[in-house]
Amino acid sequence: MTVLIDCCQKEKIRMMIKLFSDTKIKELLDLLHTSSNIAIVTHVNPDGDAIGSVTALNGFLKEKGVRSTIIVPNHFPDFLKWMNGCENILVYFNQKDRCERALKNSDLLFCCDFNKLSRLDALGEFIETLNMKKVLIDHHIGVEEKDFDLVFSITPISSTCEIICNIIRQITGKKHVPPQIAESLYTGIMTDTGAFTHSCSSGLFRIVADLMDCGISREKIHSAVYNSFSVNRMRLMGYCIEKMEVLPEYRTACIALTREEMDRFNFEPGDTEGFVNIPLSIKDTVLSVFFMESKEGYIKLSLRSVGEFSVDSMARKYFNGGGHKNASGGKSFVSLDETVSFFKSILPEIMQN
């Protein structure tokens, strides 16, 4: 009788967590079984979900005896480098030859947390020249399916880490994973939901509970990500709040940061993480935009909204970007002043719709 109950419970677990068809999971397993070298990539300016997803996937493949190499387009924040596997991540920006050799030697590529190869900039251009199978795992709107051979994408899901967690559970039939993998998955989910303030379903909290049961320390992870900033970063935050521009007639606030201003505060990658969310704390504000001059010469935009206002459609139409309904990114190829002026000029039309 006990054995029968255990079998029933395992089947219930499988039924609860099945996001993808058995056929699609079999396709993935077939690719894994026929691949000897695997590479894993994520988007430019990797965030918590990006690094969490690639390190979790790398850890899972390692558990299965599969060799893989993680490659990121450029540097990522120090407050994410504690995750298992980060010490071996290759950075295309300053390890181009080594990254390209690894990619040429790979016969399978996992693409995590982006919807099209152009999100990788120069790294994506190189990947397009290669003949390899590509598997996408992502949760952003507007997937370029022609770029990939197999796609695992569900846009309402909180994060790419949540999707990877479900894939692992479907493959193994188990709710629990090794603690180091659970840490990466939890980090990606935590950061992409704004510390569990948005995109949270009841199913997500069940997954989070299961990850905590894997032996991770929620307090340790939260402290590593949110309580390890430099003094320069804190002063930069104060400076951004001081120069924030509030446009109450449009229920909008924005912050613009030049390279000179970033240099003044000894800017490091990740120092502005989360700054775009600060203006949304202002009463009745529904739209926040953060403008920043990049080293590559374009203006990087981060857009956030609350309620039904879609920054994804705004980013797509005006700023060469996209993402999610309430959280998106974009680029502008004119000066910072021109970009901000253009943004203000379209606000009357945008806020009427």
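Restricted to the stretch 128-159, and to residues that are of a type in the set (Ser, Thr, Tyr) and part of a loop (DSSP other than H, G, I, E, B), which residue is farthest from Asp49 (Cα to Cα)? Show your work before the answer.
Step one: of the stretch 128-159, the residues of a type in the set (Ser, Thr, Tyr) are 129, 153, 155, 158-159.
From what is left, the residues that are part of a loop (DSSP other than H, G, I, E, B) are 129, 155, 158-159.
Numbers: Thr129: 27, Thr155: 14, Ser158: 10, Ser159: 7 Å.
Once the filter is applied, the top-ranked residue is Thr129.
Yes or no: the stretch 285-292 includes at least one residue that is among the aromatic types (Phe, Trp, Tyr), within 22 Å of the chain's Cα centre (by Cα), at pLDDT 95 or above and under 23 Å from Tyr226 (Cα atoms). Let's see the steps before the verdict.
Restricting attention to the stretch 285-292, the residues satisfying the condition of being among the aromatic types (Phe, Trp, Tyr) are 290-291.
Now narrow it down to the ones that are within 22 Å of the chain's Cα centre (by Cα): 290-291.
Next cut, at pLDDT 95 or above only: 290-291.
Still in the list and also under 23 Å from Tyr226 (Cα atoms): 290-291.
Yes; the residues of the stretch 285-292 include at least one that is among the aromatic types (Phe, Trp, Tyr), within 22 Å of the chain's Cα centre (by Cα), at pLDDT 95 or above and under 23 Å from Tyr226 (Cα atoms).
Output the number of residues of the stretch 251-285 satisfying the condition of being aliphatic (A, V, I, L, M) and touching a Ser or Thr at 6+ places or on another chain (Cβ under 6 Å).
Residues in the stretch 251-285 being aliphatic (A, V, I, L, M) and touching a Ser or Thr at 6+ places or on another chain (Cβ under 6 Å): 3 in total.
Looking for something outside the structural domain of Val311 (by TED's automatic domain parsing), buried (at least 23 other Cβ atoms within 10 Å of the Cβ) and not hydroxyl-bearing (Ser, Thr, Tyr) - is there at least one such residue anywhere in the stretch 140-151?
Here is the first cut: in the stretch 140-151, the residues outside the structural domain of Val311 (by TED's automatic domain parsing) are 140-151.
Then drop every residue that is not buried (at least 23 other Cβ atoms within 10 Å of the Cβ), which leaves none.
No, the stretch 140-151 contains no residue that is outside the structural domain of Val311 (by TED's automatic domain parsing), buried (at least 23 other Cβ atoms within 10 Å of the Cβ) and not hydroxyl-bearing (Ser, Thr, Tyr).
Out of all the residues in the stretch 160-177, which are of a type in the set (Lys, Arg) and either on the phi > 0 side of the Ramachandran plot or part of a loop (DSSP other than H, G, I, E, B) (or both)?
Lys174, Lys175
Output the qualifying pairs, or none if there are none: Cβ atoms under 8 angstrom, residues six or more apart or on different chains, first residue in the stretch 110-130 and in the same structural domain as Val54 (by TED's automatic domain parsing) and small (Gly, Ala, Ser), second residue crowded, with 21+ Cβ neighbours inside 10 Å and part of a helix (DSSP H, G or I).
Pairs that qualify, where the first residue is in the same structural domain as Val54 (by TED's automatic domain parsing) and small (Gly, Ala, Ser) and the partner is crowded, with 21+ Cβ neighbours inside 10 Å and part of a helix (DSSP H, G or I), are Gly124/Leu117.
Here are some conditions: (1) assigned to a loop (DSSP other than H, G, I, E, B); (2) modelled with pLDDT of 95 or more. Asp49 meets all but one. Which one does it not meet?
Here Asp49 meets the rest and fails (1).
Kindly check whether there is at least one residue in the stretch 178-201 that is surrounded by fewer than 20 Cβ atoms within 10 Å (Cβ to Cβ), touching an Asp or Glu at 6+ places or on another chain (Cβ under 6 Å) and assigned to a helix (DSSP H, G or I).
no
Which one is nearest to Asn227 (Cα to Cα) among residues in the stretch 270-284 that are more than 19 Å from the chain's Cα centre (by Cα) and touching a residue at least 12 places away in the same chain (Cβ under 8 Å)?
Taking the stretch 270-284 as the starting set, the residues that turn out to be more than 19 Å from the chain's Cα centre (by Cα) are 278-284.
Filter once more, keeping what is touching a residue at least 12 places away in the same chain (Cβ under 8 Å): 278-280, 282, 284.
On the way: Ile278: 17, Pro279: 20, Leu280: 21, Ile282: 23, Asp284: 28 Å.
Selected residue: Ile278.
Wholly within the stretch 216-299, which strands (runs of 3 or more DSSP E) include no fewer than the required count, namely at least 2 residues that are crowded, with 17+ Cβ neighbours inside 10 Å? Before the answer, list the steps.
Working: elements: 245-247, 252-257, 287-293.
Correct list: 252-257, 287-293.
Check the stretch 307-324 and report whether any residue there is in a loop (DSSP other than H, G, I, E, B), at pLDDT 95 or above and charged (D, E, K, R). Give the steps one after another, and end with the answer.
The first filter runs over the stretch 307-324 and keeps only residues in a loop (DSSP other than H, G, I, E, B), leaving 307-310, 319-321, 324.
Still in the running and at pLDDT 95 or above: 319.
Next cut, charged (D, E, K, R) only: none.
No.
Listed residues Leu57, Leu31, Leu61; which is more than 17 Å from Ile189 (Cβ to Cβ), touching a residue at least 60 places away in the same chain (Cβ under 8 Å) and either more than 14 Å from the chain's Cα centre (by Cα) or buried (at least 20 other Cβ atoms within 10 Å of the Cβ) (or both)? Working first, answer last.
Numbers: Leu57 fails: more than 17 Å from Ile189 (Cβ to Cβ); Leu61 fails: touching a residue at least 60 places away in the same chain (Cβ under 8 Å).
Only one candidate qualifies: Leu31.
Tell me, which residue of the stretch 64-98 that is in contact with a Pro (Cβ under 9 Å, 6 or more places away or on another chain) and outside any loop (DSSP other than H, G, I, E, B) is surrounded by the fewest Cβ atoms within 10 Å (Cβ to Cβ)?
Asp78
Suppose we keep only residues that are touching an Asp or Glu at 6+ places or on another chain (Cβ under 9 Å) and in a loop (DSSP other than H, G, I, E, B) within the stretch 103-127. Which one would you say is surrounded by the fewest Cβ atoms within 10 Å (Cβ to Cβ)?
Only one residue tops the list, namely Asp121.
Give all pairs with beta carbons closer than 9 Å in which a residue from the stretch 333-352 that is free of Cβ contacts under 8 Å to residues at least 60 places away in the same chain meets a residue that is part of a helix (DSSP H, G or I) and among the β-branched types (Val, Ile, Thr); count only pairs at least 6 apart in sequence or on separate chains.
Phe333/Thr339
Let's see how each residue does on (1) farther than 21 Å from Cys161 by Cβ; (2) out of contact with any strand residue (DSSP E or B) (no Cβ under 8 Å at 6 or more places or on another chain); (3) not aliphatic (A, V, I, L, M):
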residue	(1), (2), (3)
Ile70	no, no, no
His75	no, no, yes
Asn84	no, yes, yes
Glu87	no, yes, yes
Cys99	yes, no, yes
Phe114	no, no, yes
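The values are calculated or read from the model by the stated rules, or taken from the named source; none is laboratory data. Values in this document were obtained by computation on a predicted structure and should not be read as measured data. Ideal geometry is used to build each Cβ from the backbone, glycine not excepted, and the neighbour counts take in all protein chains shown.
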